[in-house]
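What follows is calculated from the coordinates using simple rules that are stated; it is not laboratory data. This is a predicted model, so every value here is computed, not measured. Cβ coordinates were reconstructed from backbone atoms using ideal geometry, including for glycine residues, and neighbour counts include every protein chain displayed.
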Protein chains: 2
Amino acid sequence: MSAAWAVAREQGLAQLTLREVAARVGMRAPSLYTHFASKHAIYDAMFADAWTQYLEVDEAAGADELVGARAVLRHSARTFFDFAVADLARHQLMNQRTIPGFEPSAEAYGPAVAVLDRFRSQLAGFGITNEEDVALATAIIGGLVDQQLANDPGGDRWSRLVDRVVDMLADNLGLPPDNPEETS
Amino acid sequence: MSAAWAVAREQGLAQLTLREVAARVGMRAPSLYTHFASKHAIYDAMFADAWTQYLEVDEAAGADELVGARAVLRHSARTFFDFAVADLARHQLMNQRTIPGFEPSAEAYGPAVAVLDRFRSQLAGFGITNEEDVALATAIIGGLVDQQLANDPGGDRWSRLVDRVVDMLADNLGLPPDNPEETS
DNA sequence: GTCTATACACCGATAGAC
DNA sequence: GTCTATCGGTGTATAGAC
């Protein structure tokens, strides 16, 4: 698995080959079929691994301990953005349909669903329960990530917009400013 | 070219093969090298073709003839969204980095730059000249498109959010409501 | 069980005959 | 300009050694 991640990072997710992964663990390509049913099964395990990684990162980030809806959302968005931008191959696997014909299995989707549920309940804590609002929030943050990786990899042209976007979203959702005596 | 588009639509952009394209025009694969230097050269021509298509669609849509900044932006956003969602393979080529190692040539970028310049001058007409605001607008609409195609292809879960997102953006940009006697 | 050796069908690309 | 033949690469399958 870690060999597979290394190859994906170095050569690109789609350029991952069984022969290269096998070579890094001192094997020949066909031997991998003892452990994985196919190349897609490797992607599947990586997909689950990546979302499990993020679930732990998100829990460790402790956004829930902050005071104020906007502060919590800003922190969650920043955590997601930074995690996604830090590893292009991982992000392509987690959030895009880069690999032709690859669809994660139901088991692999488990941790991804857990992450989304965490976000949903976070929003619910601020009275946001509408599914449409959740879809809006994920789309907007995802849009920033995609633009950053596609058009300014390694830079910060869209990274600098994360806080602004969260506040824009909070305004649209009708969330009050965190500090009551402030007016926007 | 039209054969290439047909293959990309039917089998996926990345599954496009020279043999299949050649077969559809009554040739063998190597003969294509007389007309294109490589497979990437075909992608390059398709990239330019797609953005040229959109440039024409956008000009024909006539958003500029509408009255009111928000109405214009809503119309432009809808035009872009519908065009992108109508053809997954085309959108992957135009707006994502789906093909490993493929980077459009400077010539192929021409029409794409023209489209962006059109959008930029549209915003400038409403007093929006900050590059950051342009980046924000493109990221947000792009985010909707990606979510729609990835998580609800053929549906309308994010399509329904286009107007709302444009108004959210307009609020953030400080654009007044189109109808002066209305208050948000 | 675990791995190797071998094979197959496909890919993009090139060389050279016509 | 198009062909055939071929090369090195890929994912994948299977037979058989240990």
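Kirkwood Rh and Cα-based Rg: tell me the resulting Rg over Rh for the protein assembly as shown, rounded to two decimals.
Details: Rg = 22.2 Å, Rh = 22.4 Å.
Looking at the protein assembly as shown, the ratio lands at 0.99.
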ask   = Average partner chain C-beta neighbours within 10 Å, per residue of B:92-101?
value = 4
ask   = Taking the label point as lying 7 angstrom from Cα along the Cα-to-Cβ axis, what are the distances from residue A:125 to the corresponding position in the remaining copies, in ascending order and in nanometres?
value = 4.5
ask   = How are the Cα pair distances of region B:1-44 distributed, in percent, across 10 Å bins from 0?
value = 31, 63, 6
inquiry  = Could you order the peptides B:160-169, A:113-122 from most to least packed, using the average number of other C-beta atoms within 10 Å per residue?
reply    = B:160-169, A:113-122
query = Taking a label point 7 Å from Cα toward Cβ, how far is residue B:171 from its twins in the other copies, in nm, shortest first?
reply = 0.8
ask   = Taking the label point as lying 7 angstrom from Cα along the Cα-to-Cβ axis, what are the distances from residue B:154 to the corresponding position in the remaining copies, in ascending order and in nanometres?
value = 4.2
request  = Would you mind checking the tilt of helix A:69-85 against the longest principal axis of the Cα atoms of chain A, expressed as 0 to 90 degrees and rounded to 10?
outcome  = 20 degrees
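Based on the Kirkwood radius over alpha-carbon pairs, what value in µm²/s does the Stokes-Einstein equation return for the translational diffusion coefficient of chain A at 20 °C and 1.002 mPa s? Don't jump to the answer; show the numbers that get you there.
Values: Rh = 18.0 Å.
Reported coefficient: 119 µm²/s.
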query = Angle between the Cα long axis of helix A:106-124 and the longest principal axis of chain A, 0 to 90 degrees, nearest 10?
reply = 10 degrees
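Work out, step by step, the length gained on full extension between residue B:117 and residue B:23: first 0.36 nm times the residue separation, then minus their alpha carbon distance; give nm to one decimal. The partial results should precede the final answer.
Working: separation 94, 0.36 × 94 = 33.84 nm, distance 3.88 nm.
Once the chain is fully extended between residue B:117 and residue B:23, it gains 30.0 nm.
Where does chain B land at 222 nm, in deg cm²/dmol rounded to the nearest 500, when only DSSP H runs of n ≥ 4 count, each adding -39500 (n - 2.57), divided by all residues?
Values: 8 runs with 117 residues, N = 184.
Helices in chain B give a 222 nm mean residue ellipticity of -20500 deg cm²/dmol.
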request  = Arrange the following residues from fewest to most other Cβ atoms within 10 Å of their Cβ: B:33, A:109.
outcome  = B:33, A:109
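Counting partner chain Cβ atoms within 10 Å of every residue's Cβ in B:134-141, what's the average?
Per-residue shielding by partner chains comes out at 6.
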remark   = The correct pairing of chain A residue and whole-Å distance, for the Cβ nearest the axis that maps A onto B, is A:143, 1
query = Which whole-number percent is the relative contact order of chain A (Cα, under 8 Å, 6+ apart)?
reply = 25 percent
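Inside 10 Å of the C-beta atoms of A:120-131, what's the mean count of C-beta atoms belonging to other chains? Numbers along the way, then the final one.
Details: counts 0, 0, 0, 0, 0, 0, 0, 0, 0, 0, 0, 1.
If you average over the peptide's residues, the count of other-chain Cβ atoms is 0.
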ask   = How much net charge surrounds residue B:78 when only other residues with a Cβ under 13 Å from its Cβ are counted (Lys, Arg +1; Asp, Glu -1)?
value = -1
